[in-house]
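The values are calculated or read from the model by the stated rules, or taken from the named source; none is laboratory data. A quick note: this is a predicted structure, and the numbers were derived from the prediction, not measured. Cβ atoms come from the backbone with ideal geometry, glycine included; neighbour counts cover every protein chain shown. To get the accessible areas, we keep the full protein, side chains included, count just its heavy atoms, and leave off ligands, DNA and RNA. Shrake-Rupley method; radii C 1.70, N 1.55, O 1.52, S 1.80 Å.
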Amino acid sequence: NGLGAKLLADALEAAAFTGDAPLAAQALEILDNRCRVYADTVPRGAQTWEIPLHTPDILASAYLVRACVLAFQLSADPAYLDHAREWAWTGVSMVYLDPPVSGPVGLYATTAVLGATNWIAPYWIGRPVQWCGLVYRSALEDLARVDPAEGAFWAQLARGITRSGLQQTFPLSDPPRQGLLPDFFHLEVQRPDGPAINPGTLQANLAEAYGAIPVYALERITDDGMLLHVPGEIGKASETPGGVDVPITGWPSRPYWVRLVRTGPVPPELTLQGGSVIQTQFSAARRTLDAQVEGSGVLSIRPGG
């Protein structure tokens with residue numbers, strides 16, 4: 001299920017960004033089938049380069065949560081939110097919720113797998129591989145934004161994983177690798193090890209851990225399915241008979257672009273209270289509208305024509 005979920009999450013993400021309705025419909029149909037086939041099972045199969053297919057792994061949890069959250073945003077079907085929660089709980093089994101050692105690094109560290117591996121150098125059972133957990137963390141941040149019942153819990157878990165990832169990075173005393181993520185971490189001796197890898201996985205949701213503006217947000221803002229993409233934060237949308245108002249807070253200090261997906265057949269009219277709309281680009285075929293804006297405030301979207 002983890003192997004297939006990665007492909008489905010990519011397809012659903014593409015549909016949510018491009019407005020490709022046939023792609024969305026096909027991906028949702030496949031996801032429905034996968035949810036039936038793998039109901040009440042464990043996440044597995046996302047790390048086939050060295051992990052046996054039978055071994056539960058946290059990357060599979062991550063991809064399954066991501067796919068189900070995107071499906072919920074595209075469809076508003078609460079069944080997908082239920083599926084996302086179920087798969088999110090499977091990943092909790094691979095997060096240290098009690099300090100495993102007396103050292104400062106351990107709480108919210110994440111193991112890549114829960115069980116056997118096909119690797120003996122090092123021995124993976126119980127050993128943190130935080131980059132895998134950080135992919136799961138990003139899926140939890142997505143889930144936290146759309147889950148009114150358990151969102152605070154998912155956010156707390158996600159931000160703990162982020163902070164543990166910061167603790168595990170190579171220190172300043174290691175100049176060639178400083179600031180990079182380690183492939184794995186030795187809990188007993190409190191030391192990062194393995195190949196130094198790109199810290200982008202950690203940085204993707206670093207802002208949320210410090211209460212700052214997120215790098216990126218996607219929200220469904222109308223009952224009929226209009227989606228909004230913003231490099232920043234999206235507040236609660238308010239639909240009115242004349243359109244929809246939604247607060248946005250962009251982090252760029254310069255003009256930036258936002259995207260509306262699933263607009264009407266003609267471009268909607270936009271104003272930004274507290275800022276300005278500089279230019280727009282509309283695709284009638286995709287029903288998408290890109291808008292370059294400056295500043296933050298309430299984005300008012302009114303039917304065009």
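Looking across the stretch 202-228, just one residue is surrounded by fewer than 16 Cβ atoms within 10 Å (Cβ to Cβ), under 16 Å from the mean Cα position of the chain (by Cα) and of a type in the set (A, V, I, L, M), and that is 215.
Against the condition open to solvent by less than 30 Å² (accessible area, probe 1.4 Å) and over 24 Å from residue 211 (Cβ atoms), how does residue 154 come out, does it pass? Criteria not met by residue 154. Annotation note: of 197, 234, the sole residue that is hydrophobic (A, V, I, L, M, F, W, C) and in contact with a Phe, Trp or Tyr (Cβ under 7 Å, 6 or more places away or on another chain) is 197. Only one of the numbered conditions (1) crowded, with 23+ Cβ neighbours inside 10 Å; (2) within 18 Å of residue 206 (Cα to Cα) is not met by residue 65, and that is (2). Taking every residue in the stretch 18-32 that is at positive phi and pairing it with any residue that is surrounded by 16 or more Cβ atoms within 10 Å (Cβ to Cβ), at least 6 positions away or on another chain, the pairs with Cβ-Cβ distances below 7 Å are 19/261; 19/262; 19/287; 19/288.
Of the residues 101, 42, 69, which is outside any strand (DSSP E or B), farther than 30 Å from residue 219 by Cα and among the β-branched types (Val, Ile, Thr)? So the residue among 101, 42, 69 that is outside any strand (DSSP E or B), farther than 30 Å from residue 219 by Cα and among the β-branched types (Val, Ile, Thr) is 101. Restricting the stretch 229-254 to residues that are in contact with a Lys or Arg (Cβ under 9 Å, 6 or more places away or on another chain) and outside any strand (DSSP E or B), the residue that is surrounded by the fewest Cβ atoms within 10 Å (Cβ to Cβ) is 242.
Mind listing just one residue for me: the one in the stretch 281-298 that is out of contact with any Gly (no Cβ under 8 Å at 6 or more places or on another chain) and buried (at least 18 other Cβ atoms within 10 Å of the Cβ) and, of those, farthest from residue 24 (Cα to Cα)? Within the stretch 281-298, the match that is farthest from residue 24 (Cα to Cα) is 291.
For residue 86, the criteria (1) part of a helix (DSSP H, G or I); (2) open to solvent by 10 Å² or more (accessible area, probe 1.4 Å); (3) out of contact with any Cys (no Cβ under 9 Å at 6 or more places or on another chain) hold in every case but one, which is (3). Can you tell me which residue in the stretch 255-265 is farthest from the chain's Cα centre (by Cα), limited to those that are open to solvent by 20 Å² or more (accessible area, probe 1.4 Å) and at pLDDT 95 or above? For the stretch 255-265, the residue satisfying everything is 255.
Taking residues in the stretch 68-83 that are modelled with pLDDT of 95 or more, and partners anywhere that are open to solvent by 10 Å² or more (accessible area, probe 1.4 Å) and not in a helix (DSSP H, G or I), the pairs with Cβ atoms closer than 8 Å and at least 6 places apart or on different chains are 71/77; 73/218; 73/219; 73/220; 74/220; 76/220; 76/223.
Out of 115, 106, one residue alone is in a loop (DSSP other than H, G, I, E, B) and open to solvent by less than 20 Å² (accessible area, probe 1.4 Å). It is 106.
Of the residues screened, residue 194 is one that is modelled with pLDDT under 95 and either surrounded by fewer than 19 Cβ atoms within 10 Å (Cβ to Cβ) or under 27 Å from residue 82 (Cα atoms) (or both).
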